[in-house]
1. How far is it, in nm, from the label point at residue 11 to the one at residue 137 when both lie 7 Å from their Cα along the line to the Cβ?
2. In whole angstrom, note down how far apart the Cα centers of segment 170-190 and segment 98-138 are.
3. Express in nm, to one decimal, how much length is gained between residue 129 and residue 151 on full extension, taking 0.36 nm for each residue of separation and deducting their alpha carbon distance.
4. Please compute the length gained on full extension between residue 52 and residue 112, using 0.36 nm multiplied by the number of residues separating them and subtracting their Cα-Cα distance.
5. Calculate the FRET efficiency for residue 186 and residue 92 from the Cβ-Cβ distance with a Förster distance of 25 Å, rounded to the nearest 0.05.
6. To make sure I understand, if each residue's beta carbon is the centre and we count other beta carbons within 10 Å, what order do 147, 133 fall in, fewest to most?
7. Can you order the peptides 111-117, 184-190 by their average number of other Cβ atoms within 10 Å per residue, highest first?
């Protein structure tokens with residue numbers, strides 16, 4: 001009698017194990033299928049953005065182009081941008097720096113943010129980036145990202161609004177981030193094209 005019960009329990013355990021393996025396998029299948037589709041969509045979007053940036057460089061005869069300078073993002077997600085750079089001089093090392101400029105509520109009122117927190121948590125490693133060498137007459141597109149963090153300061157939630165960031169391109173290797181109006185007023189020649197560009201993350 002005990003052997004029969006033990007046999008029945010063994011069959012039951014085997015059935016449960018088989019069903020568990022099947023469910024797990026199906027779950028993996030759908031996860032990989034979904035992520036594969038997501039990657040295809042991302043690649044298609046990235047390609048379209050790249051083509052727009054290259055077109056902006058060529059049509060306007062620009063040295064730096066950020067044609068898509070406003071992106072929407074929900075708190076906790078990221079906004080992806082791209083900058084196109086064309087080098088008309090001798091081969092040089094290029095660098096990119098981002099800094100927080102200001103934030104505004106939908107009615108235009110200023111959002112009180114901690115600049116250090118913004119640069120640490122919204123910009124992170126994209127605060128300063130070495131882009132590498134560009135040969136004479138070479139042009140490239142470089143992506144960068146701004147994370148719409150949950151907060152604008154420690155323990156202070158980020159409200160909906162427009163968050164503006166400076167984008168500085170240098171035709172040299174930089175060791176510190178001087179992407180700000182103060183540095184521009186001191187020496188605009190420090191920046192490639194002698195300009196500071198801006199992008200906006202519209203938190204919705």
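1. It is 8.1 nm.
2. 14 Å
3. Extra length available between residue 129 and residue 151 comes to 5.5 nm.
4. Roughly 18.2 nm would be gained on extension.
5. 0.70
6. If I rank by nearby Cβ atoms, fewest first, I get 133, 147.
7. Put in order of decreasing packing, that is 111-117, 184-190.
Quick note: the coordinates plus some simple rules give every number you see, no bench work behind them. A quick note: this is a predicted structure, and the numbers were derived from the prediction, not measured. For neighbour counting, all protein chains shown are included, and Cβ atoms are generated from backbone atoms with ideal geometry for every residue, glycine included.
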